[in-house]
1. If we keep just the residues of segment 406-463 that are among the charged types (D, E, K, R) and within 19 Å of the chain's Cα centre (by Cα), which is nearest to Ile336 (Cα to Cα)?
2. Would you confirm whether any residue within segment 367-376 is under 24 Å from the mean Cα position of the chain (by Cα) and not charged (D, E, K, R)?
3. Mind checking which residues of segment 132-143 are outside any loop (DSSP other than H, G, I, E, B) and either open to solvent by 10 Å² or more (accessible area, probe 1.4 Å) or among the hydroxyl-bearing types (Ser, Thr, Tyr) (or both)?
4. Step by step: first the residues of segment 463-474, then only those that are of a type in the set (A, V, I, L, M, F, W, C) and at pLDDT below 95, then the one that is farthest from Ile368 (Cα to Cα). Which residue is that?
5. So, Tyr146, is that one assigned to a strand (DSSP E or B) and in contact with a Leu (Cβ under 9 Å, 6 or more places away or on another chain) or not?
6. With the condition being open to solvent by less than 30 Å² (accessible area, probe 1.4 Å), I'd like the strands (runs of 3 or more DSSP E) fully within segment 336-419 carrying at least 3 qualifying residues.
7. Tell me which residues, restricted to segment 337-366, are farther than 14 Å from Tyr320 by Cβ, of a type in the set (S, T, N, Q) and more than 24 Å from the chain's Cα centre (by Cα).
8. I'm told Asp154 meets every condition in (1) modelled with pLDDT of 90 or more; (2) over 27 Å from Val359 (Cα atoms); (3) assigned to a loop (DSSP other than H, G, I, E, B); (4) not aliphatic (A, V, I, L, M) except one. Can you identify the failing condition by its number?
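The values are calculated or read from the model by the stated rules, or taken from the named source; none is laboratory data. For clarity, every value in this text was computed on a predicted model and none was experimentally measured. Neighbour counts are summed over all protein chains in view; Cβ atoms, including those assigned to glycine, are modelled from backbone coordinates with ideal geometry. With ligands, DNA and RNA removed, areas are computed over all heavy atoms of the protein, side chains included. Shrake-Rupley method; radii C 1.70, N 1.55, O 1.52, S 1.80 Å.
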Amino acid sequence: MEAKTSAFPFIGSLLTLLSLSAAFSDFQTLIPKSLPASHSLLSPESATDSEYFISSEAGLELQLHHLDALSLNRTPEELFHLRLQRDALRVTKLSSLSGGSQNLSQASGTSHGTTGFSSSVISGLAQGSGEYFTRIGVGTPPKYIYMVLDTGSDIVWLQCAPCKNCYSQTDPVFNPVKSRSYSKVLCRTPLCLRLESPGCNQKQTCLYQVSYGDGSYTTGEFVTETLTFRRTKVERVALGCGHDNEGLFVGAAGLLGLGRGGLSFPSQAGRSFNQKFSYCLVDRSASSKPSSVVFGDSAVSRTARFTPLLTNPRLDTFYYVELLGISVGGTPVSGISASHFKLDPNGNGGVIIDCGTSVTRLNRPAYIALRDAFRAGASSLKLAPEFSLFDTCYDLSGKTTVKVPTVVLHFRGADVSLPASNYLIPVDDNGRFCFAFAGTTSGLSIIGNIQQQGFRVVYDLAGSRVGFSPRGCA
């Protein structure tokens, strides 16, 4: 028995996937809905703290919004096209980073606060920099601004006066002169030197620069400042105060980096919330239900199934996980194995969880196997022409319900059964729905936010694990 096991290691994995698949329904019902329009958003002048912050005994919850909410005078079709354009640029950037970048290890700052806090999340479409944003107070006294959340980057930054070159934002540009807690980081200090590409001006102030896949960038002074989440203050957060910023960041004032690197917000402020945070991204068609991000012990859902985080020796920003296989219609896809998603010792390949990428990308052989299995399971549906990056689309016009094969992602220790609306999505107002996965020639695979919708995704950094809780937005 031992000899057979070592000779055919795939048999054990296959039997495991077969038994796991049996626990889920083979097919499920999809209720076709049109593309959602951008939902309304309170103007900064009329909004109060209570409309963006939710009380929690063991943490703080903040509302999240999609960046579409800051995009005015756009049709649903235009917003969707822009989303896919941004997505392609972001995937190119993430793939290039994982393919051969330097280690982005950066310094932690000091922070003080309670054991937890949270914020609501707004869905947003920032080019190359994330899709969801929330409202955070910056400085002393705090000035509340919209900031994009991004698990695929580390640096926290915002636009600052005086502006040499600033894009349009919804809130007034932050003026550091009016903040009592603003402090510049000096050149050649440990904090400055841990930037990937630190600079220095004539006043010996540390300078930073961040660029994104679409050509957008932000540059300015590297400083420490107080961030306020409801009544919770996190002091001396190292961030970029950008005086020269360019790109399509829609209306947000800056970005809150939620990556794993040393200068990300979770790394700097981890002691304030026991190194735990989570978010839940609701379906954008359910505009009356806010998404949310939670910091603190209450971020960990009791129903979450966890998978260990992996470490990339060459890049510490991304959240790598181990994907063992995928099932369609209750059957493991035979052309997909754990080897397709392996993170090798040189830091190539692997699978990351990213809230800033919309469509899940799988390396090409794995995607083709998944696509063919889904096509076979959905053979009763009427095919429609391809759309953008989607090569598998269906005409569901006039349908009130349809049956589609269930798709299950098998992570090590966590099996995630996706709702039908997380992988068969509307792309126009003519009833065309497409299979929301795509292939990539890069070795890096990315689990995007469309597939994460409706789950509470838990980042337990203290335990070095990521969890998924179904129906976690309730």
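1. Applying the first criterion (among the charged types (D, E, K, R)) to segment 406-463 yields 412, 415, 428-429, 432, 456, 460.
Cutting the leftovers down to within 19 Å of the chain's Cα centre (by Cα) gives us 456, 460.
On the way: Arg456: 26, Asp460: 28 Å.
Here the residue is Arg456.
2. Our first condition is that a residue be under 24 Å from the mean Cα position of the chain (by Cα); within segment 367-376, this holds for 367, 370-371.
Then keep just the ones that are not charged (D, E, K, R); that gives 367, 370.
Yes: one or more hits.
3. Taking segment 132-143 as the starting set, the residues that turn out to be outside any loop (DSSP other than H, G, I, E, B) are 132-138, 143.
Hits for segment 132-143 are Tyr132, Thr134, Arg135, Lys143.
4. Ala474
5. Values: assigned to a strand (DSSP E or B): yes; in contact with a Leu (Cβ under 9 Å, 6 or more places away or on another chain): yes.
Criteria met by Tyr146.
6. Details: elements: 351-353, 360-363, 393-395, 402-405, 407-411, 414-418.
Counting at least 3 such residues, we get 351-353, 360-363, 402-405, 407-411, 414-418.
7. Within segment 337-366, Ser337, Ser339 meet the criteria.
8. For Asp154, the failing item is (2).
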